[in-house]
1. β-branched (Val, Ile, Thr), part of a loop (DSSP other than H, G, I, E, B) and under 30 Å from Asp231 (Cα atoms), is that true of Ile287?
2. Residues being part of a helix (DSSP H, G or I) and touching a residue at least 60 places away in the same chain (Cβ under 8 Å): count how many of those fall in the stretch 212-241.
3. Looking at (1) at pLDDT 95 or above; (2) over 25 Å from Ser172 (Cβ atoms), find the lone condition where Phe306 falls short.
4. Just for the stretch 215-248: of the residues that are of a type in the set (Gly, Ala, Ser) and more than 12 Å from ligand 1 (Cβ to nearest atom), which one is most open to solvent (accessible area, probe 1.4 Å)?
5. If I ask for residues that are within 14 Å of ligand 2 (Cβ to nearest atom) and either on the phi > 0 side of the Ramachandran plot or in the same structural domain as Gly97 (by TED's automatic domain parsing) (or both), which ones from the stretch 172-207 would you list?
6. Restricting to the stretch 139-171, count the residues that are more than 14 Å from ligand 2 (Cβ to nearest atom), touching a residue at least 60 places away in the same chain (Cβ under 8 Å), closer than 17 Å to Val102 by Cα and among the polar types (S, T, N, Q).
7. Those residues that are at pLDDT 95 or above and on the phi > 0 side of the Ramachandran plot, I need them from the stretch 106-133; list them, please.
Amino acid sequence: MDKLIIRSRIRDFSVEFVDGFSFVDELLDIKNYIVIVGQTTYKHYKNIIFSHFPKDRLIIIKLNEQRKTLNTVMKIYKKLLGLSAKKNLTMISFGGGINQDVTGFVASTLYRGINWVYVPTTLLAMADSAIGLKTSLNHESYKNVLGTFYPPSKIFICADFLKTLKKIDYMSGVGEIIKFMLMRKDPIKNLDGTIKKIEKLKLNNDKKFVINIIKESIEIKKSYMEGDEFDLGRRNLLNYGHELGHALEATSNFKVPHGIGVIIGIIFANLVSVQRGWIDEKINEKINKFLLLPNIKTVKLKSEYFDFKALLEKIKKDKKRISDKLPLVLPRSDFELIKITDLDFNEFKKTLQKLIQVIK
Ligand SMILES: NC(=O)c1ccc[n+]([C@@H]2O[C@H](COP(=O)([O-])OP(=O)(O)OC[C@H]3O[C@@H](n4cnc5c(N)ncnc54)[C@H](O)[C@@H]3O)[C@@H](O)[C@H]2O)c1
Ligand SMILES: [Zn+2]
């Protein structure tokens with residue numbers, strides 16, 4: 001077993017990399033626990049995992065992006081308030097980023113915070129969201145606008161869960177991992193290596209290899225969070241690709257999953273950089289051709305998702321927007337990222353038209 005400690009001002013927590021499902025025995029030893037799992041994950045692992053938990057310790061909920069809301073949180077509160085365990089309750093959640101966001105919000109607010117163990121079951125959650133410290137809820141058509149900072153006390157990462165993921169959900173995780181690879185040191189020098197790595201990652205046939213990439217992604221994310229866990233400065237750069245990505249998730253009514261939206265958002269941001277003369281056009285074409293474009297093929301992209309007015313409206317609602325112009329994380333020479341806040345609507349429109357040509 002392999003372990004990593006993540007330091008946080010709220011509390012330090014451990015990430016354990018485990019092989020197979022025997023870690024569940026450790027969970028069964030916890031006093032006063034309750035397990036919360038989404039329907040899909042429950043169905044896949046009913047016999048291997050969830051049949052080991054007594055029925056009265058198991059809450060199965062229906063989760064999707066439309067249900068990542070206070071409403072779902074309140075339903076869970078209701079169930080948990082009825083239990084005899086109170087502040088001494090440990091919540092164990094199994095699921096992807098949506099489960100993490102919802103159950104993490106519950107854990108952080110119920111009795112002003114209860115103990116929480118999280119088992120990510122998607123690639124995106126393992127490589128990215130699990131260690132993010134954040135919990136986020138959608139409200140009406142606003143994405144991730146409610147939330148708290150609250151890490152689990154323990155995370156178990158088990159790549160065996162990845163075998164049952166749908167291709168589109170796996171590719172969404174690959175999308176966030178590509179983002180991290182572009183945020184590492186010297187991404188252009190390492191571009192050929194990254195292209196090969198991502199090709200192998202997509203095959204999902206070598207558990208050890210996948211775990212190593214997950215570890216690498218976590219290390220890169222950690223390096224951006226250090227010293228800025230509350231998202232006031234450098235951590236903002238992790239938002240690379242997310243401005244347009246979040247908007248696309250919304251205009252497609254979440255048909256474009258998070259990590260695919262991020263990839264399209266990165267293509268968009270890089271195009272702005274090319275236009276501003278900050279990155280080389282040839283290098284950008286190579287990144288698009290071999291790294292980014294192959295990753296969006298799993299989703300059918302409809303032209304209505306790219307409607308200028310609809311996207312603009314969603315971006316304007318983004319919680320990270322602080323002025324009249326739009327913010328965007330962009331690569332400069334050597335692919336060093338910076339956050340700009342001066343993207344005007346004309347530049348946005350012009351780049352959107354280019355983007356549509358590039359992804360066609
Ligand atoms: N809090 C954070 O720091 C943070 C960071 C990044 C993303 N997010 C959020 O995470 C969400 C995306 O997370 P995600 O990609 O994990 O999506 P998800 O949680 O929706 O899971 C994707 C799909 O896979 C299913 N699933 C989960 N595990 C499975 C398994 N092992 N086998 C088969 N099916 C399985 C789910 O039921 C769902 O249908 C977004 O809402 C995003 O905003 C949060
Ligand atoms: Zn993300």
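The values are calculated or read from the model by the stated rules, or taken from the named source; none is laboratory data. Because the structure is a prediction, the values reported are computed rather than measured. FYI the Cβ positions are ideal-geometry reconstructions off the backbone, even for glycines, and counts take in every protein chain you see. Accessible surface areas use protein heavy atoms only, side chains included; no ligands, DNA or RNA. Shrake-Rupley method; radii C 1.70, N 1.55, O 1.52, S 1.80 Å.
1. Here the answer is no, as Ile287 does not meet what is asked.
2. Total meeting the criteria: 11.
3. (2)
4. Gly227
5. none
6. 2
7. Once the filter is applied, which keeps residues that are at pLDDT 95 or above and on the phi > 0 side of the Ramachandran plot, the stretch 106-133 yields Tyr111, Arg112, Gly113.
Let's see how each residue does on (1) more than 15 Å from the chain's Cα centre (by Cα); (2) away from ligand 1 (no atom under 15 Å from the Cβ); (3) outside any helix (DSSP H, G or I):
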site: Val73; (1), (2), (3): yes, no, no
site: Tyr77; (1), (2), (3): yes, yes, no
site: Leu83; (1), (2), (3): yes, yes, yes
site: Asn88; (1), (2), (3): yes, yes, yes
site: Met91; (1), (2), (3): yes, yes, yes
site: Asn99; (1), (2), (3): no, no, no
site: Val106; (1), (2), (3): yes, no, no
site: Tyr111; (1), (2), (3): yes, yes, no
